[in-house]
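> Would you mind keeping the following structure in view while I ask a few things?
Values in this text are rule-based calculations from the coordinates and carry no lab data. These numbers come from a predicted model, not from an experiment. In this analysis, Cβ positions are derived from the backbone assuming ideal geometry, glycine residues included, and neighbour counts consider all displayed protein chains.
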Amino acid sequence: MQNSHDSGRRNFLKGAAILGASTVAGQISMAQAQQNSGGTADSGSGETVPHRSLGRTGIQVSAMGLGGYHLGSAKDQKEANEIVEVAMDAGINFFDNAWDYHDGHSEEVLGTALKGKRDKVVVMTKVCTHGRGKDVAMQQLEESLRRLQTDHLDVWQIHEVIYETDPDLIYAPGGAAEALLQAKQQGKVRAIGFTGHKDPSIHRRMLAHNFPFDTVQMPLNCLDATFRSFETNVLPEAQRQGIAVLGMKSMGGSGEIIINGAATPSEALRYAMSLPVATTISGVDSMEILEQNLAIAKGFQPMTSAEMQALRDRCKTLAADGRMELFKVTKKYDGGVGRQQHHFPSSEELPA
Amino acid sequence: MTQTSGSIPLRQFGKSDVKISALGLGGHHLGDAPDEPTAVRIVQEAVDGGVTFFDNCWEYHRGKSEICMGRGLQGRRDKVFLMTKVCSHGRESALAMQMLEQSLRRLQTDHLDLWQIHGVSFDNDPELFIRPNGAAEALRKAKEQGKVRFVGFTGHKDPQLHLKMLNVGFEFDSVQMPLNAFDSQFHSFETQVLPELNKRGIAALGMKPINGHGEPVKGGVVSAQEALRYAMSLPATTTITGMESLDILHQNLAIAQGFQPMSPQDMQALRERVKPQAGDGRYELYKLSLKFDNPEARLAHEMPLDMQSVEVKEMVNATKNTGHPFPKVS
């Protein structure tokens with residue numbers, strides 16, 4: 001079922017990419033008129049993807065990152081190698097992953113693809129404690145390092161903070177927050193953070209502890225702004241604390257925003273990349289999608305605030321019930337490990 | 001507050017002078033009864049045992065629940081307070097009126113005592129309800145035409161959404177919501193919505209006293225008795241619970257007929273006891289997943305359908321080509 005879903009999505013996105021290309025051409029003139037939004041967003045040279053600072057870490061990251069889940073869906077290692085190589089040639093240096101993606105397969109694939117290239121990239125992976133303590137986290141870290149064939153991570157984040165009780169469990173004595181600090185102290189990770197796709201109020205509770213996070217990851221797209229919004233409720237707080245923001249789900253998670261015609265790939269990605277974020281992580285499971293995304297990122301011109309507002313307004317009706325942000329209103333995007341730890345049914349029993 | 005019929009306590013329905021039984025019979029589970037004669041007997045024995053509040057919904061088992069209840073209520077209709085729900089889910093008033101006629105026909109009656117908007121689940125449902133030509137107009141019209149006596153809405157998702165509905169400027173007679181000990185600890189209707197209803201004199205109808213399908217009883221966290229007693233001890237007008245067998249009916253009748261409210265101390269002790277399992281919503285999937293959102297709600301909002309849901313299976317079945325030119329009319 002996963003496969004047919006993937007290939008359906010691929011075809012849709014491919015069709016939409018043609019549409020997207022002409023949109024990019026149309027909008028370069030807009031940027032040439034210097035109507036920039038005045039944020040931190042920068043422009044692409046057309047040759048390479050622009051780079052930005054990862055908050056206060058001193059690390060420079062590409063404004064577009066390569067999502068690890070979708071990389072594990074590539075048809076074989078050869079295609080994954082090619083995706084990684086072409087992405088790097090275009091200037092992509094930020095690579096996302098998680099301990100539980102495809103039961104470790106995503107990390108293994110990325111580790112293999114990065115052989116001999118490790119020092120040129122920023123590798124992030126996530127730890128899947130879901131309420132369990134420091135020891136489990138440290139053990140998963142060792143597994144991630146082994147699969148990724150490296151001795152350190154650039155960014156290590158707590159994965160899927162999406163359950164109401166997660167913040168308390170993470171900050172409990174002996175909880176996962178302690179593991180982040182310890183790993184950093186041991187030099188096994190350079191920067192630490194957390195991610196989640198569910199509810200801005202849970203993110204806010206995570207950020208209320210003044211914990212020294214370097215990064216925080218969240219869904220940011222042109223529909224989010226008007227529905228249970230991370231852009232409105234979390235992004236400003238992260239900025240206030242000087243935490244680098246990593247955007248994700250710019251197209252709804254599985255291209256829902258594109259498939260349903262709410263926005264073109266170019267509009268969706270440009271919107272997300274025009275926000276004050278360090279990078280926008282985008283999943284790529286084929287060369288076609290990669291080429292589409294790279295074209296957008298290389299030619300990146302930030303949207304003006306007026307353009308961004310027009311897009312938000314246009315998407316408002318479709319955004320209002322969450323149909324294209326299923327990660328907020330259903331269980332569809334909630335991973336198996338978290339469900340298990342919180343005693344929820346598996347995705348087979350409870351798909352959404 | 002209590003007076004008895006059979007021996008189940010009766011409580012006042014909102015600001016009206018109507019009284020309804022503190023235990024109500026849920027319509028969805030009625031469609032899960034092994035066969036129609038059993039369903040009919042459940043309805044008959046429930047009425048005879050003092051249950052006067054009957055819940056139903058236009059889409060439960062694709063009309064089967066309403067049909068069974070209509071048959072069970074033959075000769076007993078005037079003894080009960082009959083409610084069903086309309087599955088407009090943001091769609092227009094004309095569709096709601098059409099559903100009302102179907103419900104009346106299936107329930108074999110010329111009027112409903114209560115007609116409620118079903119499953120307010122999505123953030124834009126309140127706006128869609130109150131918009132020109134929205135379902136609010138159907139509720140008003142049906143009341144004017146004397147086809148329904150009272151109107152309300154239901155939902156199991158989000159207390160904030162209930163409050164939003166309560167503030168669209170429509171005068172509701174009743175509001176239905178999940179009320180159980182777990183709810184008191186997680187996105188709580190008891191804490192956020194119930195006091196507002198009591199303040200406004202709107203009838204509060206509790207549902208999911210055992211969390212929908214008895215999940216915490218199966219999980220060994222509470223007993224069915226304490227779960228039901230907890231819900232019935234809240235300041236709500238009735239507690240609607242599903243009964244798909246005569247055994248469950250008898251068990252519930254025994255609890256309701258001899259009902260003694262829990263003391264505030266016992267209620268607090270139960271809340272504390274369930275707290276460790278209540279905090280992440282694992283026993284209240286209706287708040288966090290689409291599981292309890294029936295297909296009409298999902299279709300109207302273009303949410304993914306669940307092919308395992310009984311309604312979806314029935315929907316697929318009902319549209320199968322049988323080879324007969326016309327449907328069989330019973």
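> Considering amide H positions built from the backbone, and no H for Pro or chain starts, which residues 5 or more places from A:Gly65, or on another chain, come under 5 Å of its amide H?
Long-range HN contacts for A:Gly65: A:Thr280, A:Ile281, A:Ser282.
> Simple spin-label model, 7 Å along Cα-to-Cβ: B:Lys199 to B:Glu272 in nm?
Computed distance between label sites B:Lys199 and B:Glu272 equals 2.8 nm.
> Other chains near A:317-323: what is the mean number of their Cβ atoms within 10 Å of each residue's Cβ?
Values: counts 1, 1, 2, 8, 12, 5, 7.
Counting Cβ atoms of other protein chains within 10 Å of each residue's Cβ and averaging gives 5.
> Something else: If you average the alpha carbon positions of segment A:212-242 and of segment B:208-282, how far apart do those two centres end up, in angstrom?
If we compute the Cα centre of each part, the gap is 40 Å.
> Continuing with the same structure: Using each residue's phi in segment B:38-49, evaluate 6.51 cos²θ - 1.76 cosθ + 1.60 at θ = phi - 60° and report the 3J(HN,Hα) Karplus result to the nearest Hz, with x for Gly and Pro.
Result, ordered by residue: 5, 4, 4, 5, 4, 4, 4, 5, 5, 4, 5, x Hz.
> Using θ = phi - 60° and the Karplus relation 6.51 cos²θ - 1.76 cosθ + 1.60, list the HN-Hα couplings for segment A:48-63 in order, rounded to whole Hz, with x at every Gly or Pro.
In residue order, the calculated couplings are 9, 6, x, 10, 9, 6, 8, x, 9, 7, x, 8, 9, 10, 5, 5 Hz.
> Can you give the longest stretch of chain A with no exposed loop site, where a site means trypsin sites (Lys or Arg not before Pro) in a DSSP loop (not H, G, I, E or B) with at most 16 other C-beta atoms within 10 Å? Walk me through the numbers on the way to the answer.
Values: sites that count: A:Arg56, A:Lys75, A:Lys115, A:Lys117.
Counting only loop sites that pass the neighbour cut-off, the longest clear stretch is A:118-352.
> Tell me the Rg and the Dmax, in Å, that the Cα atoms of segment B:3-289 produce.
17.6, 50
> Only helices at least 24 Å long along their axis, Cα-based, and averaging 0.5 or more on Kyte-Doolittle count here, so list those DSSP H runs from chain A.
On the way: long enough: A:2-32 (42 Å, -0.26).
Result, helices passing both filters: zero.
> List the longest stretch of chain B that has no exposed loop site; here a site is one of the GluC sites (Glu not before Pro) assigned by DSSP to anything other than H, G, I, E or B, with at most 13 other Cβ within 10 Å.
Answer from the scan: B:1-170.
> What does the structure give for A:332-338 when I average, per residue, the other chain Cβ atoms found within 10 Å of the residue Cβ?
Across A:332-338, the average partner-chain Cβ count within 10 Å equals 1.
> From other protein chains only, count the Cβ atoms within 10 Å of every residue's Cβ in B:124-135, then give the mean. Numbers along the way, then the final one.
Working: counts 8, 2, 0, 1, 2, 0, 0, 0, 0, 0, 0, 0.
Per residue, the average neighbour count from other chains is 1.
> Average the reciprocal distances over every distinct pair of alpha-carbons in segment B:1-60, invert the result, and give the Kirkwood radius in Å.
For segment B:1-60, the Kirkwood estimate is 12.4 Å.
> Could you please rank A:Met251, B:Met165, A:Met218, placing first whichever residue has the fewest other Cβ atoms within 10 Å of its Cβ?
On the way: A:Met251 28, B:Met165 22, A:Met218 25.
Fewest-to-most ranking of A:Met251, B:Met165, A:Met218: B:Met165, A:Met218, A:Met251.
> If you don't mind, another one. What does the convex hull of the Cα atoms come to per residue for the protein assembly as shown, in Å³?
166
> Residue by residue, what Karplus-based ³J(HN,Hα) values in Hz, rounded to whole numbers, does segment B:70-75 have, using 6.51, -1.76 and 1.60 with θ = phi - 60° and x for Gly and Pro?
x, 5, x, 8, 3, x
> Could you work out the helix-only [θ] at 222 nm for chain A, with each DSSP H run of four or more residues adding -39,500 (n - 2.57) and the total divided by the number of residues, to the nearest 500 deg cm²/dmol? Could you put the intermediate results ahead of the total?
On the way: 16 runs with 155 residues, N = 352.
About -13000 deg cm²/dmol.
> If you don't mind, there's one more thing I want to ask. With a cap of 12 neighbouring Cβ atoms within 10 Å, and only residues DSSP puts in a loop, list the trypsin sites (Lys or Arg not before Pro) found in segment B:100-165.
Answer in residue order: no site qualifies.
> Continuing with the same structure: Say the dipole of segment B:3-289 comes from +1 at the beta carbon of Lys and Arg and -1 at that of Asp and Glu; which of B:Gly214, B:Leu163, B:Leu270 then lies farthest toward its positive end?
It is B:Leu163.
> Hey, how much of the P(r) for chain A falls beyond 39 Å, as a percent of Cα pairs?
That fraction is 7 percent.
> Which percent, nearest 5, of DSSP beta bridges in the protein assembly as shown are antiparallel?
Restricted to the protein assembly as shown, the bridges split so that about 15 percent are antiparallel.
> On to the next question. Neighbour counts of other C-beta atoms within 10 Å: give me B:Met97, B:Met307, A:Met248 arranged from fewest to most.
On the way: B:Met97 18, B:Met307 9, A:Met248 26.
Lowest count first: B:Met307, B:Met97, A:Met248.
> So how strong a dipole does segment B:3-289 carry about its Cα centre when Lys and Arg Cβ are +1 and Asp and Glu Cβ are -1, to the nearest 20 debye?
Computed about the Cα centre, the dipole is about 340 debye.
> Taking the Cα centre of each part, how many Å lie between segment A:285-352 and segment B:1-62?
If you average the Cα positions of each part, the centres end up 43 Å apart.
> In straight Cα distance, which lysines are under 23 Å from A:Lys328, not counting same-chain residues fewer than 8 positions off?
Of all the lysines, those that pass the test against A:Lys328 - Cα under 23 Å, at least 8 places apart if same chain - are A:Lys126, A:Lys198, A:Lys249, A:Lys316, B:Lys157, B:Lys164, B:Lys287, B:Lys291.
> Out of segment A:277-352, which GluC sites (Glu not before Pro) are coil in DSSP terms and have no more than 13 other C-beta atoms within 10 Å?
Here the sparse-neighbourhood loop sites are A:Glu348, A:Glu349.
> Continuing with this model, one more query. Determine the calculated [θ] at 222 nm for chain B from helices alone, applying -39500 (n - 2.57) to every DSSP H run no shorter than 4 residues and normalising by the residue count; nearest 500 deg cm²/dmol.
Dividing the helical sum by the residues of chain B leaves -11000 deg cm²/dmol.
> Can you give me the distance in nm between label points at B:Asn317 and A:Met287, each placed 7 Å from the Cα along the Cα-to-Cβ direction?
With each label placed 7 Å out from Cα toward Cβ, I get 5.0 nm.
> Most exposed first by the Cβ proxy, i.e. fewest other Cβ within 10 Å, how do A:His203, A:His342, A:His209 rank?
A:His209, A:His342, A:His203
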